[in-house]
Every structure is written in C-alpha cells, then in structure tokens.
Amino acid sequence: MRAVPLRVLAALAFVGLAPMALAAQQGTTVSGVVTGTASEPLPAVNVAIPSLGVGGVTNDAGRYTFVVPAARATGTHTLTARRIGLQAKSVQITLGPAAITQNFVLAAAISQLEGVVVTALGQTREKSTLGTAQQQLSNVELNQTHAQNVMQQIQGKVSSVQITGAGTQGGSTNIIIRGANSISGNNQPLFVVDGIPVSNYNRGGGLISGYDYGNAISDLNPDDIQTMTVLKGPNAAALYGSRAANGVVVITTKHGAATGGKVRTEINTSLNFDSPSRLWDFQNQYGQGASGQFAYVNGAGAGVNDGADQSWGPRLDGRTTGCVFTAGAITSKTHPLTVPATAYDQTKPCLQFTGSGQPWVAHPDNVESFFRTGKTLTSTVAVSGGNETSNARLSLGTDQIEGYVPDNSFAKVTGMLTGALKVGEHLSTNATLQYLRNSATNRPGTGYSNSTLEQFFWFGRQIDMGALRDYQQGGAVNNGPATREYNWNYNYHNNPFWLAGQNPVSDSRDRFVGSLSATYQIMDWLNATARTGSDIFRFGVDQRYAPGNLVNADPKYNGAFRFFNDYSNENNSDLLVTADRNLSERIHLLATVGGATRRTNFRSDTARTSGISVAGIYNVANAAVTPTLGQYIQRKATNSVYGSAAFTLNNWWTVEGTARNDWSSTLPAGQNSYFYPSVNTSIVLTDAVPALRSNALTYAKLRGSIARVGNDADPYQLQTTYAGVSQKFAGLPQFSLGNVLANAELKPEITQSGEAGLELGFFNGRASLDASYYDKATRNQIFNITVSPTTGFTNKAINAGKISNKGIEALFTVTPVQLSNSFNWTTSFNFARNRSKVEDLYPGISTIVLGQGIFAEVRVEARKGLPYGTIYGQGFDHDSATGLVLTDGGIPVVSTDFKVLGNIQPTWTGGWNNTFTYKNWNFGALLDIRRGGQIVSETNAVGEYSGVLKSSLRGREIDWNNPGYVVHGIDVNTGQPNDVAVTSETFFQATFPAIEPYIYDDSYVKLREVRIGVDLPTRWANKLNAESMSIALTGRNLHTWTNVPNIDPEFTYSSGNFQGIEYAIPSNPRTIGFNVRITP
Amino acid sequence: MINRKQWAVATVVAVALGATACNNDKLTGYNENPNSATSAPAPALFTNAVRTGVSRWLGTTYDLRGTEWVTQHLAEVQYPDEDAYKRLQASFTAGTFDGAYSGEQEDFQKVIDAGTATNNPLVYAPALVMRTWGFGYLTDTWGDIPYFQALAGDSVGSTLSPTYDPQKAIYDDFFKVLDKASKDLAAAPTSGLVGLGSADPIYAGSRAGWERFSNSLRARQAMRLVNVDPATAKTQFEAAVAAPGGLFRSNADNATFKWPGDGVYDNPWATNFKTRDDHRLSNRLTANMVPQGDPRISVYGMPAESDGQYRGLENALTQGQASAFLTTTSRPGAIFYPGATTYGTFGGGGAALPQYLMTYAEVELLLAEAAERGWNVGGGSAASHYLAGINASMDQWGVPNDAARAAYLAKPEIAYKGGSAGLTQIAIQKWIALYGDGGQAWAEWRRTCQPANVVPGPEAIINIVPRRFQYSTTETAVNAEGIAPALTAQGPDLFQTRMYWDKSPQNAPTYPGPSCGVKP
C-alpha cells in the first residue's frame, strides 16, 4: 500500500473532487463500480492512484470514473479504493492509451487495524503508517443508543478513556484519557470539530450546593458526526500543542457529496423513557422522630421531635395512639436504653403532618414516587447533495427531554450547514456553520444545602409523598407558617415538589460554531490551506427563588434571584502547507508546515440578591437588598508554528517527526516561548518480512513514539492583586488582598510521553489485537499549592511537582461465528490499566487538596508518593494487635488525625461489546466495567445518621428497648472485646462524621447499551431518497452490578479534578426506547 | 507545471507563517488583569478588614455556633453536635484560623505597611490595634501560634512555613505594639496628616477613640497573664491605665461596630436566626441571672413559648432529648431577631444591632479586679469599679435604670463582697456582660473558672470544658514543621491542653482550683 494523499480536515469533502479536477485533461479513463459484500452499490468511495495524485469518488450507483492525463498514463500503478469504515482494497493496473475498467468489492472493516482513519490536524491516513495509538468510532458505532451527552455514547467503547456520567440529567460528563496529568489544571481532552477546537466549557455543580449545568460538548448533535477519533496521548496529538497533553477527540462531521444533483435524506428519530437506574434502600420499620417518639404539632419543634428531620421515631406498626411518652416518664437525663415499653402514652393520638388519628405506617415508595418517567424525543433530519463543483449538507436536530425529576426539562436544537465549492482549477473552499441551542428548566440542585433530593436523607419514613404534591394549600393548614408552602417539616426543608415547581431556574446556551477554509493546490503534490474558525456562545442562567426558600431567600422579602451570563469567544486561525509525494520509487514523503493563532475571550457577569421588593419581578431594579454584582474577564492569546514530516519506505516502514513552538500570553515575557518535538515510527512486520505471514497471523505491526508537549498557565497568575467588593459597606468601598501568592517566574509545564504498540491481525481479520504501553510524566506543573494560611495567603502559584502515569491498553476483537446463513457474532473487549503516581510536589508540601467533604471530614488529594486522587479522612482508631476498632462505652473511638482511606482511581477499566447479526436483524450489547478504586458516599453517612436507610436497622430491629448492637471491637478502657450494647441511633450519631465506614470499593459493571434492530426493505428507504431504513429497540444503563450500597457508583458533579465524593445525587438514567433511522 | 502564480502563493504562505512566529511581543498585553488592581487604597482595605474581623470573632462560626456553646451562654436545642464539642474539632474550626490570617490580618498588615511607609500613625496605629485584637482571639483560642514570621508570604525571603511562637513572646509583643500605637497617635501632629476618616467604621478616624481602645485592649491582655506572670500583668495593666488617652471612660468609648442592617451586612446573629432555630439560653446562664433577678435577662432572652418563664436548656443533650425542650426554654432575646424568620416572627431590629469589639463594662470590671489585687488603677475602689461595670453593662444593653436594677444591685449575692469572694463576683459579672462575645467570655472563664457551674453537658465527647481548640487541619497538613515546637512546648494538640497563661491561680486573692469545668 502507498501512503495516501493527505488532505486537511476542512477539505475532506473534496477527497474525490480535487483529483478529479486535476484530471481534466485528455488521457486514459479509469472507471468501475464499487459494491459492498451484499452487492449493494457503495457511494462516496474514493478510488485513486495515489502515486499520480489522480482519482475519483463513487456516485450513488457506486460508479466512479476519472481520467489520467496522457503525459502520465504509463507504467504500472496501484489503484486503491477506500472509504472510512471499510477495508481498503488495492490492485495493480498498467496504464496505457486504453480505458480501464476496474470494479471493487469492499467489506466492512472488522478490525480497526487497517483502513483510513482521521488523525491529528484532520489528516486522513492509512492506519498502518501511524506510530501512535488512536481509536476511531464510526457514526454507527457511536450512535447505538442515545444519551443526553454524546460523550456518554462512547462509554465502554474506547480503551483508556474513562467517562463518568453525572447522574443529574443534563449534568457534567467527566472524561479522563490515560489518567490525570495535571495536579490542579485541566485534565479534560481537547475537542476538535472539523479542524476547529471547540469549547467543552463546564459549569459544574457542587457537593455543598449548586447546579450542574453540564459541559458544552453535549451541544453537539451525534447524528452530525461522521467519525470520532480519540488520540489518546501527547504522542498522537503533539501537533495540537498545549492543550493536547490530555488527548484529543477529533470529530469530523458529515458532509455533502457529489450525488449528481440528487437530494439524499437522512432521518434519525428516537423516543426514550428514563428512570433512575438505582434507588436507595430505605428502612420502613421506624418513622420520624428521635429516641423513639414523635408527635406533629407545627413541624418546627412545637410537637414532640416534629422539628427533627430524622427517622428515629416509634415503630411503624400501624398504631394510631401511643407515639409519645407519658409526661414525666422520661427526663432530660433519661437515656433511651432505659425507657420502659410502658412509657408510651396510649391515650395520645399519633399526630402527623397530614392530620390526627392516621395510622402510623410506612410509605415504602415515598421517595420513588417523587420521580416520574422521563421522556426523551430526539430527531434529526438532514438533506445533502451536490455535483462535481459544489455540495452541501443541511441538518436540523432537536432533543426534547422531560427529566425524571418533576418539572425538569431540557430542549436542544441544532442546525448545521456545510458547504463546499470548487472555485476554478486550483482553489477549493469550504464553510461550516452550526447553530446550537441547549436549554434547561428546573434542573435539580446538587449538594447538601439546596439539592432537591437532599431531604430524602433527612426524612420521615412515614411521610406520605402524595400529600406533599398539594403544596399550594399553604403552611397554615398544618400549623406551619402561613407564608410557607404546605410541608412535612418547617425547620430545615422546603417541600420537594414546591422546590422543583416554584423556584424556576432556567439556563440556555446559544452558540455559533463556524469555520471557513480555502485550499489552494499549488502543485500536484503541494497544497496550502488557510482556515479560520470561531466558537462563540452565550450561556445564561436565570434563577428565581420564591418567598419561603430556606437557603436563598431572606424571609423578610418577597423572594430572591441570581442571574449570570457568560460570554465566550474563541478563534483559531491557521495556515498550513502540505507536501505529499514520492521521493523515489520506494520513499514517500508527507510533510506539513503551519502556523496558528488562538485568541480567547471570556466574560462572566453575575448579579444576585437575597431579597426583592415586589413579588414576582426578578429584576435588579426590584432588589430590596443591594445586589452583589460580579464581573470577570479573561483573555488569552497564543501563537504557534509547527511542522511534521513522515517518510514511508516501501509502504511498511514509516518514520515521522513533529515539532511545534508556542508563544503564550500567560507566561512571563522571556519565558513564554516553548518548543516541543516528537518522533514516531511504525513497521508493518508482515510486509517487511513476508515469511511471518501465515493463515493464522495475517497482520503484524509494531509502533513506537516519544513526545513532549508544553503547556502554559491560566491567565493572571503573575501578579498578586487586590479585589474590590461590589457591595459597599455603609457606602464605603472595600478592598481585600487576594489569597493566592502570584509568581512572576512561571515556566511552561512539560509532559513527556513514550509509548509502544503492537497491532496483530489473525485469520484474515477474524481476530485482531491492538495493544499499547505508555509511560508519561508531567513536570514543572503550574498549580497552586496550599501554603500555611499564617503567611497571609492560602495558596501560591508555583512550577513544581510531577505526576506520572504508566499503563497498558488493549482492544481485542474477534468474530467467533460467521456462518454462511449470514449469522455473525462479533465480540470485542477493551481493557486499560493505568498506574498513576504523584512523584513529587513542592519541597515541604506533601499533599495538594483537590476538594473536601461536606463536613470537612474527608478530602480528595494529590498526595506525594501515592496515586492521584487519594482519599484522606477521619476514621476510627484501631487496636494495634487485632486491627479491630477501639471502642469506648460501646462506641468506636474516632481518630483525631486523618489517614489514607483509599484512592479514587480504578485499578482497571474495560468494555465488552457484542454484536450479533442475522439476515436483517441485529443485536448488540455493551458491558462497561470499572474495577477497583474507592468512592466516598455521604448519602450513606447521612442516611444512617438520620436513620432512613435500611442499614440503620441493625441494632434496633429486635426491640427499641433492647437494642442489640454490640460493636465488634476492643474496649479501649479494658483491652477486652467490647460487650457494651448501644442503640443504632446512638452509634451512628456518636461516630458521625467519621467517614471510614462510608468508603466503598467502586467496582461496577453496567449493562451500558443494548440494541435490537431490524433493517427494513431497501425499497421503502429508496422512496425517501435514502438507502436504508431500520428500526430498533434500545436501552442504556439497564443494570448495574456493584457492591456499593444505595447509590449509583458512577457520579460526578463537574469535569473538574475534584471527584469521588457523593451526596444525594440522582442516579444515571436507565433509558429504554425506540429508534427509527433512515440513512442515505 | 509550476507557474509564477503558484510560486507567488507559496511565497505568501511562507511570509505569513514567518509573521505568525515573530509577532509575539504583544502577547503579554493580553495578560494584564482587567478584573482587580495591583494596589488598593489603605482606607478601603481597613473597612473591609474590620468588617471581616468582626464577622469572624463575633460571627456565626466562632461565636454563635462555637464559643457561645463552650462558655455556655447558650445551649443547642437541635442536633447539639457543637454543644457536645463534636463539631468543634479541628476540621470544623480550621476555617476560622485559616481565614483570620489570610483574610483580615493580612489586610491589616498591608494598612500598617502603607501607614508606616508614609509615617502616618493615623493609618497604621488603628490597624496595629485591630491586628492585635485579632491576634488576641487567635492566641487565646489556640495557644502558641505563628506571629513573628506570619503575614509575610509576599515579602522577599520570607518562609512559607511560619514557626509557631510561644504565647509568652506573643503577649510581650502585644504590649509593645499597643504601647506604640497609643503613643504614636498621641504624638502625631494635629494637622497635616490624613487619617482613615469615615473609612474607619469604629471611631470614624477619632484618634482619642483608638488611643483608648489600644489601652483598654492592653489592659485586657495584661490581666489574662495574672495567673502565670502576675508581675508582668501588673506592670502592663498599670502602663495601660497611665498611657495617653487612658482607658474607656463611658459606653460612648466602646469599640462599637454598627451593622448597616441592609440585608447585605447584617448582624450575624440575626442572619443566623433568620433560618435557624437552634439557640436557647443555657441553664448555666439562667442560673446566674434568673434567681438573682438580673434585669438583663429580658434582653438576653425571650420567655419560653410554653409558659412565659425564663428557662435555660441543659447543654449537650442527645438530639431526642434536646428537641423536647424546643418550646419550654428561652430563645435569645428579641433584640437579636430580624423580625420575619422561617419559623415565625420575633423582634425586628436584629439586623442592625451593633456588636462590640470591647466595652466600657469590661474595662470597669478589669479595673475592679486590678483594684482588688492592689494595683494602681488611677483612682476608685474595687467596689466602685464593680458597680460601674454592672451599670455600664445594663446601660449598654438598654436596661432601664429603675427599681428593678436597684433591687438587683442590692441583692446580697450581687453587692460587692471584696477579697476572693469579690473576684468571683467580678468574674461572674464579666462573664454575663460578655454575652455576645463568646471568645472573651470563654477566655475569662478559663482564667477565673467562674461561674463554677460551667461544666460539659451529658453528651459531651470529653468530660472537661475545652481549654483550647485543635490546630487547623490545613496547618497540620502543610505546616507540620512550624507546629512542631508548639507541640513540644505547649503539649499535645487536644482540647484539654492548657496554654501558657492558663494556669491555676497561685496568688491570693484567688479563684477556685484547677479541677473546674469537669463533668460531674
């Protein structure tokens, strides 16, 4: 095989057109038909003679034709037919004056070892010539099922790519490729769409409070994506510069093609139903209250424990009287252990928030029934077409989503127009414009202070959820404040339905992504491309708090609000010159030199107030309390030059070098220039040593690469500044010195990476293995260390530290069954194991805190000598001899010091994908596997403290008065095994907030995707100017196997570096739906 | 095949690439921070730092939900975790310690630097007093703390791991600093210097105000050493009395912080009470006020909802036990409430209720103690200062000077007794007067062990009232090296460890012995 001609991404639409233009002279005509294995005609296949730079592209009938200029129509050449997703084929043809007819039959690419892939800078290359690891997904592989964020659709499909879904619908998706490189900088990959970097801006939620507004990559419409290639490390991505250290996701969109003027139609529509994939296991034996008694009076403490939002009340045995003790039966000194059973006063009715005299019974579904069935209706309609000089594609897509949390909904609209025009003989142009609008209403809040679900872990298990729906009857109905909504508790909580329905929060992002490019064919083998593209969006949040909102509205006023508006504009422009020619019969050169500029401009304006004057007018002019105003501007610029050269010898040995130099605005003058090179090589052993090839081993390739990538700092870290306070104090201006010590000496940070890979094909493509080993380290990291606050500063920006990541990753694909009756079973397994280590921090600094738990009882850290993401928290003291917990008075002794309790990084991750096809039926199932690593669940900690979880029954299930919970431990006073019994109420409340029991092994297997589909007769599709039509039943997250109790072990609040601690987050949706797809 | 036009294109491309690479000088302009300034006016720093400092030491975390439980002015009626000292452990109090240094203390230092650079005591002296006021809470809460190497992170050659200095050395420096502040203020030229003016939210730039606050603060810190170093205590106390400007002479001299009450800057108690109903008077407080007929009780607390009686709550019960007392015990007084709350309407003016950094009442009670010890207080007897202290406190809280007050003052247990009994009376009065300043009340209680009924509640996690807080978890994580000398000199980092000045009294007249504050 020849190295293929190189095209820049923006010119992809011309893959066939450009050579055709060059061939517009008299000469030898080469033509033929390309069909698939089922004899169906294949359009858009590129058929070319790479050595001559001429070729054509097939039309809808699969026919291609081109002319070789007479001057060059001599000798024997390789004619190659290829299209993404298909196995390329080549034949030798001898050119002469006579016309040549050559047909091809192309099979679908079973393995990913061979064929054309899109790689850095949008180059399409034969995979055999690549010396670096990357994995490409086709549109079909990507769109097996539908998720709200396109990145979740590749979960489990690409090795070494760890994707964590938010839980909260529409929330953030965290993506880490080959482990985290940066201690406190960005660890998310760079996204490039058609050659233009696009923003994956994130406004995440928090563990304490907030809303998770998700990340911006979810704006993309998966149906517009032709291929998605993951460049896994600095090696493959070195040419992308600073932001490539974490890998690059290269997306090429669908384009129009020469269809002879015919319109082609594609439609993809699905209807999905969502529900929480996991629910909590609540106890249903004891109701609200404390120390065994409860009586509602006003829900704020006037009754017996009715202000207390926990479930340590009387047994839910249907009693209608006797929920409180006889007056005088207890005193403040009475311990629950000594309460006699006769203490309950049988003359008193059991009072509840819904009224008196109702039986004291559990409502086992009282949390589950809060949720509704979510619905997602998604559709994309696209039309495309073109002729030999121009083509276009227009697509429109919408997602209409009703969340499974009441009153929560999302809407997404995408429009994309792509056009290409050949202007004259040498110049071709391309333009893309996308409009994206992504909006949501009433996202549930996250975290401890304002999340919608938070109160279910401070709850009465007897509460009738249905009764809470009618919140409009007002608080006075059950003795609560008249100004409040009707609720079960007036102390700590708002009614969950009222929160969802009466505190509207809406957000929307309006976004334009556009690009223009022009390619000039200077010579047959040399072209120049100029390209500019911008990603511009506004993201706004309008949040209104009704009067009575406990956390956010001052009860003195008529409600409150918070607004913010972000504006982001990133422009990337580049100019690159590409040479692609045979230097001799045996050596091929592919070389690029280019220059690029990037300018980013971000601005955020915020306004909030805790009180408004006139109800219902959420406007700063109506603020009763002077609003807090915020304004933040961030600008950044980088300039770059880069180049690469790949030499391929005899089609089997490629050596490629790349080099790039960046100049960044964020580093001090004199230190803001940084250079980084890379080199890689690829050897196809089965071509180099044909004797290796056998029936069993049909393909073998070795590759290796060494690369370096530099990175700059975030803006404004060079000088310590004073910040003003927008709200004057009694009319006086206020300033305060910032808490971060600046550093005028910052240097660029450097990631160094080596990788080696092996690609093997067996039994003529029936089985393949693609495996890599990598070893990378990032040093001179720019991050803020925590310094002793007694310096007057909490942090200092420094260059220090080193994180290393070593790992292996493999993709193994087999087609175990391939029967003549068309039954086919393909299975693939991907595996990745990464070993991270914080090699070094700053002298004297042993840890960097990435984030901490709600009660500051646990932290996630980068701790020296340990993998990134150490869980460090408060545990129990243990007996040195037996390892058992030390107890005092029957209760574990809580350590005063923190200790290492785990690490958030998995031991390995993998995916197992199976596809079965039989005639026009197909069935696919994907398991997504995570093994090892730990998480912290504060839901479980709080849920046991408050007695709502089933696990809190231990120690009180026998009888309230004879609790049987004896901690298995050593009594610190006697040195003997503990024999003191305590109530579970005492146990959980006395040990809180020691987090040790709430660290869990975060291993899980998820049945991530299932698809059962059938292809409908082609003639139906043909009526719609399309080629095929299919319907399918699909499911996502259908089952989770895990030992983590109660919660979804997969969760995130943001795509930031603080991960691994959970509280009251909804679980990732389980989705079941139908899909209809019409493809051209 | 290559024509001239094609070469021209190639040339343009090459030139453009070169231009990209070379035009990098302008890049740094992009990095000029448009959001915040590289310098700030000292008055604006001062205003913010005072507000931050008051919010810290008289605010929610340290005072209302911290030391007010520890000193048992108040008791916790819902989820009494702080009251049991559980949520006062290192991780919960770290923010107070960390924030004080990196927040207002550093800003006061910048004001001192700016004032010193322009040789302007009207700027640096108030900042010196405020910095010392803050350091007083820091050292009296934690003991040995970074002092001499602190607040210098941005100075050339400074350490990022300041050493913990012995409390004795810190106190010695307090006296020097406060001496300098009041003397420099007194010596400053009466014209030509521009002071803080209205940016000073406490005295509006009045130099006499700052002189008296400086001296009064010096007297407070001097008296604190009386059990460990009575000679220094006496010397410094007498020096404070004799310093230019003297001590506070009336409530008009109080270091008063007026909250605007505009919804943005509200009294922190009122802000907390808006949504939280966790606070009840402690039965320790009511035991020292109700039987004696102290008229301040109707200001400090509200009658219990159930029967209109002033009734305190036992500290540190279980949640179940405590919440049973929700309606039968007294909430804090109506003056602290903002009106509408999420659980009912109480009071109304709480948002704008001023707070006091130091009061005339405290000064009079300090003078009473000093006089009882035979020190030179510049006139007046222990009894007369004691009486003036109680009256000042009543006036400050707006208690009318009527028959009820007279009857209270005439009660045998209130009328001044002199000697050790007198010291006990002074200490109890000061503890009552310091309602709203839990940090000072707790420090004075540790020094005097009065009132003696302050003992841990039933569910307290240790059986002794804390003598200090545990060091910040941030510090133990990043500055273990700096802490090491403190652990050696002061003792283990526990609630029980006593700091330098926290010694059992040796010299008569004296207070009860060291076993005070132990769970019965």
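Taking only the Cα atoms of the range B:371-520, the radius of gyration and Dmax are 18.7, 60 Å. Computed from the C-beta positions of B:Ala421 and A:Ser613 and an R0 of 56 Å, the FRET efficiency is 0.45 to the nearest 0.05.
Give, to the nearest whole percent, the P(r) tail of the range A:892-982 beyond 20 angstrom, counting all Cα pairs. Roughly 67 percent, once rounded to a whole number. Normalising the average separation of contacting C-alpha pairs (under 8 angstrom, six or more residues apart) by the number of residues puts the relative contact order of the range B:192-247 at 32 percent. Hey, what D do you get for the range A:481-575 in µm²/s if you plug the Kirkwood alpha-carbon radius into Stokes-Einstein at 37 °C and 0.692 mPa s? So the translational diffusion coefficient is about 187 µm²/s.
Taking one equal scatterer on every alpha-carbon of the range A:140-279, how large is log10 of I(q)/I(0) by Debye at q = 0.10, 0.14, 0.21 1/Å? For the range A:140-279, the Cα-only Debye profile gives -0.39, -0.73, -1.42. Each of A:Thr915, A:Val936, A:Ile612 was placed along the dipole of the protein assembly as shown (beta-carbon charges, centred on the mean Cα), and the one lying farthest toward the positive end is A:Thr915. Projected over every direction and averaged, the convex hull enclosing the alpha-carbon atoms of the range A:441-530 yields 10.9 nm². Checking every one of the trypsin sites (Lys or Arg not before Pro) in the range B:246-345 against DSSP loop status and a limit of 15 other Cβ atoms within 10 Å picks out B:Arg249, B:Lys258.
Checking the a/c ratio against 1.5 first, then a/b against b/c, what shape does the Cα gyration tensor give for the range A:599-683? Verdict is prolate for the range A:599-683.
From the Kirkwood radius over Cα pairs of the range A:833-872, Stokes-Einstein at 25 °C and 0.890 mPa s returns a whole-number translational diffusion coefficient of 233 µm²/s.
Per-residue Cβ neighbour counts within 10 Å put A:Glu759, A:Glu126, A:Glu585, B:Glu481 in the sequence A:Glu585, B:Glu481, A:Glu126, A:Glu759, beginning with the fewest.
Evaluated at q = 0.15, 0.19, 0.21 Å⁻¹, a Debye calculation over the C-alpha positions of the range A:509-661 (equal weights, vacuum) places log10 I(q)/I(0) at -0.87, -1.08, -1.17. From most to least packed by mean Cβ count within 10 Å, the peptides B:223-233, A:969-979 give B:223-233, A:969-979.
Residues with beta-carbon under 14 Å from that of B:Gln496, excluding B:Gln496: net charge, scoring Lys, Arg +1 and Asp, Glu -1? With Lys, Arg at +1 and Asp, Glu at -1, the net is +3.
Residue pairs exceeding 30 angstrom between C-alpha atoms, taken from A:Lys776/A:Lys796; A:Lys254/B:Lys26; A:Lys899/B:Lys503: A:Lys254/B:Lys26; A:Lys899/B:Lys503. Here the mean projected area of the convex hull built on the C-alpha positions of the range A:341-404 is 8.1 nm².
Scaling against 2.2 N^0.38 Å puts the C-alpha radius of gyration of the range A:33-185 at 1.37. Taking every residue in A:713-723 and counting other chain Cβ atoms within 10 Å of its Cβ, the average works out to 5. Inter-label distance, B:Ala37 to A:Leu433: 4.5 nm, where each label sits 7 Å from its Cα along the C-beta direction. Dividing the Cα radius of gyration of the range A:138-209 by its Kirkwood radius returns 0.96 for Rg/Rh.
Among the aspartates and glutamates, which fall within straight-line cross-link reach of A:Lys375, defined as a Cα-Cα distance under 15 Å, with same-chain neighbours fewer than 8 residues apart omitted? Leaving aside aspartates and glutamates fewer than 8 places away in the same chain, those within reach of A:Lys375 are A:Asp274, A:Asp399, A:Glu402, A:Asp407. Per residue, chain A reaches -1000 deg cm²/dmol at 222 nm when only DSSP H runs of four or more residues are counted, each adding -39500 (n - 2.57). The residue list A:Pro276, A:Ala290, A:Val263 was ranked by how far each Cα lies along the charge dipole of the range A:252-320 toward its positive end, using unit charges on Cβ atoms, and A:Val263 comes out on top.
Comparing the range B:156-220 with the 2.2 N^0.38 Å rule of thumb, its C-alpha radius of gyration ratio is 1.43 (two decimals). Remark: relative contact order (chain A) = 12 percent; criterion is Cα-Cα distance under 8 angstrom and separation of 6 or more residues. Rounded to the nearest 20 debye, the dipole magnitude of chain A is 2640 debye, with +1 charges on Lys and Arg beta carbons, -1 on Asp and Glu beta carbons, and the Cα centre as origin.
With neighbours defined as other Cβ atoms within 10 Å of a residue's Cβ, the residues B:His73, A:His968, B:His385 order from fewest to most as A:His968, B:His385, B:His73. Partner aspartates and glutamates whose Cα lies under 14 Å from the Cα of B:Lys417, excluding those fewer than 8 positions away in the same chain, are identified as B:Glu369, B:Glu372. Max-minus-min Cα coordinates of the range A:903-1051 on each principal axis give 84, 34, 23 Å, with the largest extent listed first. Normalised by 2.2 N^0.38 Å, where N is the number of residues, the C-alpha radius of gyration of the range B:414-496 stands at 1.41. Arranged by the count of other C-beta atoms within 10 angstrom, fewest first, what order do A:Thr887, B:Thr190, A:Thr29 take? By the 10 Å Cβ count, ascending: B:Thr190, A:Thr29, A:Thr887. With the convex hull of its Cα atoms as the shape, chain B has an orientation-averaged projected area of 33.6 nm².
Based on the Kirkwood radius over alpha-carbon pairs, what is the Stokes-Einstein translational diffusion coefficient of the range A:414-494 at 20 °C with 1.002 mPa s viscosity, in µm²/s? This corresponds to a translational diffusion coefficient of 122 µm²/s. When only alpha carbons of the range B:169-294 are considered, Rg and Dmax amount to 19.1, 57 Å. Partner lysines whose Cα lies under 22 Å from the Cα of B:Lys176, excluding those fewer than 8 positions away in the same chain, are identified as B:Lys110, B:Lys168, B:Lys234.
Based on every Cα atom in the protein assembly as shown, Rg and the maximum pairwise Cα distance Dmax equal 37.3, 130 Å.
A Förster radius of 45 Å, combined with the Cβ-Cβ distance separating A:Thr76 from A:Ala756, puts the computed FRET efficiency at roughly 0.80. Per residue, the convex hull spanned by the Cα atoms of the range A:571-720 measures out at 229 cubic angstrom. Extension gain for A:Asn1022-A:Ala645 works out to 131.2 nm (0.36 nm per residue, less the C-alpha to C-alpha distance). Overall size of the range A:207-255 from C-alpha positions, given as principal axis extents largest first: 39, 29, 13 Å. Our summary of shape: the Cα atoms of the range B:240-363 have principal axis extents of 55, 37, 24 Å, ordered from largest down, in whole angstrom.
Bear in mind that the values in this text are calculations on the coordinates, not laboratory data. Predicted model only: the values in this text are computed from it and were never measured. A quick note on method: Cβ atoms are made from the backbone with ideal geometry, for glycine too, and the neighbour counts reach across all protein chains shown.
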